[in-house]
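*Asks:* Following this message is one structure expressed as structure tokens.
The values are calculated or read from the model by the stated rules, or taken from the named source; none is laboratory data. Keep in mind that what you see is a predicted model, and the values were worked out from it rather than measured. Note that we place each Cβ from the backbone using ideal geometry, even for glycine, and neighbour counts take in every protein chain shown.
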Amino acid sequence: MAETSRQWKRQVLLSDQLRVEVLPELGGKIASISLVPGGGELLQAPLRPYEARTPTLPFDQGDGGGWDECLPSVGPCVVEYGENGRAEIPDHGDFWRVPFTVDEATATTLRMHAEGTSLPVQFERQLTVDGGTLRLDYALRNTGTVAVPYGWSVHPLFAVEPFDRIHLPDSVREITAASSGDGRLGASGTRHAWPLTTNALDEQPLDLSLCGSHDDGVGDKLVMPAPSEGWCALERKTLRAMVTLRFDASEWPWLGLWICYGGWPSGPSEKKGYTVALEPCNLPDDALAASLAQGAGALLDAGETRRWTLVLDVGKAEER
């Protein structure tokens, strides 16, 4: 872990196969998921020291590691709601930047909540470890008097190495490039076959499922309709581990992939990310406002609570 400018409170969950470390004060960040025994780390280490977040801090000025929650939008945007409601949603949403209150903590369970700053919502997340499984139970409650729109995307930055591989169900045949930092996938909106396509820069074959090296300069955001099978996975070769994220595709109808092999952040002196993020979500566009214009996103009535579950399974590489 990177050195920190202060000591942040840490909550540790432990099973016979997983050790999970959480920083409630920093957006409830899952800072580490490591294998027991052996200590192999599944999440990207922070690119910057941990610091307190401000309401307007850009995401690329944060630590850039671990697992955050993007809510009520990924991209910054302005959303109108009700008769006079207007929400200015910051980069990657409210909740990665606000402190969470711990409501319950045991050796295997951590429940905590936080209040939104741009919309009147309360967000609760409970983490439970059991063997090689990390279960996340979520609740989102509208504390206001009118219905509010929202988008949610999980944002786990998984560590990778060359020749690790992204696995998707066989039903996934095509993806769309939302962005491509080095241009290898062409302009935003370009569709590609999955996993084998052609590099737009040199017309050479390109296997999108195969992880490249840290020096490739790649920073691609891919989006696709969520596979009905409700899973996506990352194979960690040297750890001999298959990391599988399971979700309800009927509730979260989109799947994003953030593929970063040294292509982010963009500053010349910045330490670069080396990660793949598997991101079930309800947003075809990072910005909630743009997704709402496409008929996507969701609406939460006054006083309504929505609950959902996400499961991370860590098994042997030949399992899925």
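*Asks:* Taking the options Val20, Val79, name whichever one is within 21 Å of the chain's Cα centre (by Cα) and in a strand (DSSP E or B).
*Replies:* Working: Val79 fails: within 21 Å of the chain's Cα centre (by Cα).
Only one candidate passes the filter, namely Val20.
*Asks:* Can you name the residue in segment 132-162 that is outside any strand (DSSP E or B) and touching a Lys or Arg at 6+ places or on another chain (Cβ under 8 Å) and is also farthest from Met112 (Cα to Cα) among such residues? Give the steps one after another, and end with the answer.
*Replies:* Taking segment 132-162 and keeping what is outside any strand (DSSP E or B), we get 132, 143-147, 151-152, 160-162.
When the remaining residues are screened for being touching a Lys or Arg at 6+ places or on another chain (Cβ under 8 Å), the result is 160-161.
On the way: Val160: 29, Glu161: 32 Å.
Taking the candidates together, the pick is Glu161.
*Asks:* What number of residues within segment 68-102 are more than 15 Å from Ala114 (Cβ to Cβ) and either without any contact (Cβ under 8 Å) to a residue 12 or more places away in the chain or not aliphatic (A, V, I, L, M) (or both)?
*Replies:* Total meeting the criteria: 13.
Yes/no matrix, rows are residues, columns are (1) assigned to a loop (DSSP other than H, G, I, E, B); (2) in contact with an Asp or Glu (Cβ under 9 Å, 6 or more places away or on another chain):
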{"site": "Thr176", "(1), (2)": "no, no"}
{"site": "Asp202", "(1), (2)": "yes, no"}
{"site": "Leu206", "(1), (2)": "no, no"}
{"site": "Thr244", "(1), (2)": "no, yes"}
{"site": "Ser250", "(1), (2)": "yes, no"}
{"site": "Gly256", "(1), (2)": "no, yes"}
{"site": "Lys271", "(1), (2)": "yes, no"}
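*Asks:* Only one of Ser228, Ser213 is out of contact with any Cys (no Cβ under 6 Å at 6 or more places or on another chain) and farther than 21 Å from Pro280 by Cα; which? Don't jump to the end; show me each part of the working.
*Replies:* Details: Ser228 fails: farther than 21 Å from Pro280 by Cα.
Within the list Ser228, Ser213, the selection yields Ser213.
*Asks:* Now for a different question. Based on what the data block shows, is Gly151 among the small types (Gly, Ala, Ser), at pLDDT below 95 and in contact with a Gly (Cβ under 8 Å, 6 or more places away or on another chain)? Break it down stepwise before answering.
*Replies:* On the way: among the small types (Gly, Ala, Ser): yes; at pLDDT below 95: no; in contact with a Gly (Cβ under 8 Å, 6 or more places away or on another chain): yes.
In short, no.
*Asks:* Something else: Can you find, within segment 82-110, the residue that is farthest from the chain's Cα centre (by Cα) among those that are closer than 22 Å to Ser291 by Cα, outside any loop (DSSP other than H, G, I, E, B) and not acidic (Asp, Glu)?
*Replies:* Gly85
*Asks:* Restricting attention to segment 2-14, does a residue exist that is among the β-branched types (Val, Ile, Thr), outside any loop (DSSP other than H, G, I, E, B) and touching a Leu at 6+ places or on another chain (Cβ under 6 Å)? Step through it out loud before you land on a result.
*Replies:* Our first condition is that a residue be among the β-branched types (Val, Ile, Thr); within segment 2-14, this holds for 4, 12.
Right, trim to outside any loop (DSSP other than H, G, I, E, B) and you get 12.
Next, only the ones that are touching a Leu at 6+ places or on another chain (Cβ under 6 Å) stay: none.
Scanning segment 2-14 turns up no residue that is among the β-branched types (Val, Ile, Thr), outside any loop (DSSP other than H, G, I, E, B) and touching a Leu at 6+ places or on another chain (Cβ under 6 Å).
*Asks:* Let me confirm something: among Glu203, Glu174, which residue is at pLDDT 95 or above, surrounded by fewer than 16 Cβ atoms within 10 Å (Cβ to Cβ) and touching a strand residue (DSSP E or B) at 6+ places or on another chain (Cβ under 8 Å)? Quick ask: steps written out before the conclusion?
*Replies:* Working: Glu203 fails: touching a strand residue (DSSP E or B) at 6+ places or on another chain (Cβ under 8 Å).
Exactly one of Glu203, Glu174 is at pLDDT 95 or above, surrounded by fewer than 16 Cβ atoms within 10 Å (Cβ to Cβ) and touching a strand residue (DSSP E or B) at 6+ places or on another chain (Cβ under 8 Å), namely Glu174.
*Asks:* Also, quick follow-up: Inside segment 224-238, can you point out the residues that are surrounded by fewer than 20 Cβ atoms within 10 Å (Cβ to Cβ) and either outside any strand (DSSP E or B) or β-branched (Val, Ile, Thr) (or both)?
*Replies:* Residues satisfying the conditions are Pro227, Ser228, Glu229, Gly230, Lys237, Thr238.
*Asks:* In addition: Determine, yes or no, whether Phe247 is surrounded by 14 or more Cβ atoms within 10 Å (Cβ to Cβ) and within 30 Å of Leu300 (Cα to Cα).
*Replies:* Working: surrounded by 14 or more Cβ atoms within 10 Å (Cβ to Cβ): yes; within 30 Å of Leu300 (Cα to Cα): yes.
Taking the combined requirement at face value, the residue satisfies it.
*Asks:* OK, next. May I ask you to list the residues in segment 48-76 that are in contact with a Pro (Cβ under 7 Å, 6 or more places away or on another chain) and either surrounded by fewer than 21 Cβ atoms within 10 Å (Cβ to Cβ) or in a strand (DSSP E or B) (or both)?
*Replies:* Hits for segment 48-76 are Pro55, Thr56, Asp60, Trp67, Pro76.
*Asks:* State whether one or more residues within segment 112-131 are surrounded by 22 or more Cβ atoms within 10 Å (Cβ to Cβ), aromatic (Phe, Trp, Tyr) and either outside any loop (DSSP other than H, G, I, E, B) or at pLDDT 95 or above (or both).
*Replies:* Yes, because at least one residue in segment 112-131 is surrounded by 22 or more Cβ atoms within 10 Å (Cβ to Cβ), aromatic (Phe, Trp, Tyr) and either outside any loop (DSSP other than H, G, I, E, B) or at pLDDT 95 or above (or both).
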